[in-house]
Amino acid sequence: MTLTKGNIVIIPAPTDAYKNEHRVTIHWQQTFTDRQENYIVLLVKNKSQDGAEVPMFIEEDWYTIAKLDKEATKSGADEYEFVINDRVQYGQKNANGDGRFAVWHDKGRKPYQAKTSVASRVFATAQKLVGEGLAAQAKQIQEIGSAYIGDSLKTF
């Protein structure tokens, strides 16, 4: 199933240890300037679609208790319910939404869905963090990146 606007995803509550384990640095070029920023890469559960797993990038400065308390609903000691809306962007393999992943960040940042940035970072992080379970899905995202080099993220 494809992540869509209005879906509710479950985001784990941030901790320093969790952030350190899931941090990746994304590199891209914007307005002829090399840019890089840290993101937290998560595999979130889509509550609206029977817990389907969706890769999600969150700007590191936004993955805080204070920000989640403002933008999401706490649903337990260790998680938040977050509604996918026009503050979230996405990348995908094709117009059908296959391989869609979410990016919650300052939309002034304009990383591409390039193989050398988002997609390859997901794959490398997945292998490092959780082994083959997430790595297989992340590999699919890496393939998406190679098909969409230079394609901007889209807003829900």
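The values are calculated or read from the model by the stated rules, or taken from the named source; none is laboratory data. In this text the structure is predicted, and so the values were computed from the model without any measurement. Heads up, the Cβs are rebuilt from the backbone with ideal geometry, glycines too, and the neighbour counts pull from every protein chain shown. SASA here: full protein model, heavy atoms, side chains in, ligands and nucleic acids out. Shrake-Rupley method; radii C 1.70, N 1.55, O 1.52, S 1.80 Å.
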> Between residues in region 8-28 that are under 22 Å from Lys74 (Cβ atoms) and residues that are open to solvent by less than 30 Å² (accessible area, probe 1.4 Å) and part of a loop (DSSP other than H, G, I, E, B), which pairs lie under 6 Å by C-beta distance while being six or more apart or on different chains?
Replying inline: Pro14/Tyr63
> Hey, Ala95 hits all of (1) under 16 Å from Thr155 (Cβ atoms); (2) among the aliphatic types (A, V, I, L, M); (3) in a strand (DSSP E or B) but one; which does it fall short on?
Replying inline: (3)
> Which condition breaks for Asp34 when tested against (1) within 21 Å of Gln92 (Cα to Cα); (2) part of a strand (DSSP E or B)?
Replying inline: (1)
> Could you say which residue among Thr25, Thr64, Thr33 is under 14 Å from the mean Cα position of the chain (by Cα) and either β-branched (Val, Ile, Thr) or at pLDDT below 95 (or both)?
Replying inline: Thr25
> Under the condition of being assigned to a strand (DSSP E or B) and of a type in the set (Lys, Arg), which residue from region 37-78 is least open to solvent (accessible area, probe 1.4 Å)?
Replying inline: Lys45
>> Just to be sure before I move on: is Ala124 open to solvent by 40 Å² or more (accessible area, probe 1.4 Å), at pLDDT 95 or above, part of a helix (DSSP H, G or I) and small (Gly, Ala, Ser) in the structure I sent?
In response: no
>> Please go through region 3-17 and give me each residue that is within 15 Å of the chain's Cα centre (by Cα) and open to solvent by 40 Å² or more (accessible area, probe 1.4 Å), ordered by number.
In response: Thr4, Lys5, Ile8
> Do we have any residue at all in region 66-78 that's out of contact with any His (no Cβ under 9 Å at 6 or more places or on another chain), within 15 Å of Thr155 (Cα to Cα) and not charged (D, E, K, R)?
Replying inline: no
